[in-house]
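Since the structure comes first, as structure tokens, the remarks are kept for the end.
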Amino acid sequence: MKPADPGGRGGGPDRDGGTDRGGPGDSALLDGVPAGFLPRSAAGRAGLAALLAGPDLALVGLDFDGTLSPIVADPRDARAEPGAVAALRALARRVGTLAIITGRPAAKAVEYGELGDVPGLLVLGHYGFERWSGGQVAPRPAPPGVAAAREQLPGVLAAAGAPPGTWTEDKGDAVAVHTRRTADPDAALRLLRPPLEQLAEAEGLQAQPGRMVIELRPRGMDKGAALKAVVSERASRVVLFCGDDIGDLPAFRAIGELRLQGIPGVAVCSGSAEVSELAAAADLVVDGPAGVVGMLDWLAGRLSRAR
């Protein structure tokens, strides 16, 4: 698995454009880090150095689709990238907390990724509305507005002239409209976004765009809030989060906020041609899910040798 080209795509939540390896104490810790896994920003390098120095108090968080699993036409066909589960198992034994934060139902991410035997894994589904741990999903009350939006959605799509191939995914606590199967996914997304945003507004929901999808979900919870909640719960002292889509931007912003509180962090983008905004906000860009697995593999090996 090859790491992404580190040139020209870094710059994290407090992007600084520097090229040094961080502070004097960081330099030795960062010796031997492959160029493709070395953050461009000084804050990102400080975050990686802190993780290498104190993994027992580290939180490593990841998205699922597009990060641990390649994007596919039908989300029900998503499966973990080869090597991902083995890398997660190895890393779980070496960091304080390993978490997946996804828009999917938590149990579906575990099922599709075959993640059930990753030791100590925490999975937050529906952007944190749902929690899987130790094989159990903690129940949550049904979020308001989703049922009403679900009922109205067929009529809204018909009135908007949704093209053939448009389909809806019922996530229980959210509903998503996908355009990837249409003849022109980008044009379909542009066509449907205004009426879906109007529906979300009417029902007190948030319309979250993504990679050829718009998701209607409850307000007040996003990956940034979920990430900060886990940091607080686990008393984490350093954070690494990896995502691939604009729905992961709140987590990147959370890393910036945590840095202001004295908790270093690294924002990693699972790069793709479809999303440039996230790459611009990241400390480090790797080459899609294969690059993410390569980074996790390297990190687990490095921490193993340090013990």
Can you work out which of the residues in the range 167-190 that are charged (D, E, K, R) and in contact with a helix residue (DSSP H, G or I) (Cβ under 8 Å, 6 or more places away or on another chain) is farthest from A147 (Cα to Cα)? E169
With (1) at pLDDT below 95; (2) surrounded by fewer than 24 Cβ atoms within 10 Å (Cβ to Cβ) as the list, and L38 as the residue in question, which single condition is left unmet? (1)
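Taking the range 51-74, which residues are charged (D, E, K, R) and either under 16 Å from the mean Cα position of the chain (by Cα) or surrounded by 19 or more Cβ atoms within 10 Å (Cβ to Cβ) (or both)?
If the condition is that a residue be charged (D, E, K, R) and either under 16 Å from the mean Cα position of the chain (by Cα) or surrounded by 19 or more Cβ atoms within 10 Å (Cβ to Cβ) (or both), then D63, D65 are the ones that fit.
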Subset of the range 92-144 (residues that are assigned to a loop (DSSP other than H, G, I, E, B), free of Cβ contacts under 8 Å to residues at least 24 places away in the same chain and either surrounded by 14 or more Cβ atoms within 10 Å (Cβ to Cβ) or touching a Lys or Arg at 6+ places or on another chain (Cβ under 8 Å) (or both)): G116
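Every residue, every condition in (1) assigned to a loop (DSSP other than H, G, I, E, B); (2) of a type in the set (A, V, I, L, M, F, W, C), yes or no:
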residue: G32; (1), (2): yes, no
residue: G36; (1), (2): no, no
residue: R40; (1), (2): yes, no
residue: G47; (1), (2): no, no
residue: L52; (1), (2): no, yes
residue: T67; (1), (2): yes, no
residue: V72; (1), (2): yes, yes
residue: R79; (1), (2): yes, no
Being part of a strand (DSSP E or B) and of a type in the set (S, T, Y) narrows T182, T168 down to just T168
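Return yes when P164 is surrounded by fewer than 21 Cβ atoms within 10 Å (Cβ to Cβ) and out of contact with any helix residue (DSSP H, G or I) (no Cβ under 9 Å at 6 or more places or on another chain) and no when it is not.
Judged against the criteria, P164 is a match.
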Members of the range 219-258 found to be β-branched (V, I, T) and crowded, with 24+ Cβ neighbours inside 10 Å, listed by number: V238, V239, I255
Quick check: anything in the range 151-165 closer than 30 Å to F241 by Cβ, in contact with a strand residue (DSSP E or B) (Cβ under 9 Å, 6 or more places away or on another chain) and either of a type in the set (A, V, I, L, M) or part of a strand (DSSP E or B) (or both)? no
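The values are calculated or read from the model by the stated rules, or taken from the named source; none is laboratory data. Model, not experiment: these values are computed from the prediction. A quick note on method: Cβ atoms are made from the backbone with ideal geometry, for glycine too, and the neighbour counts reach across all protein chains shown.
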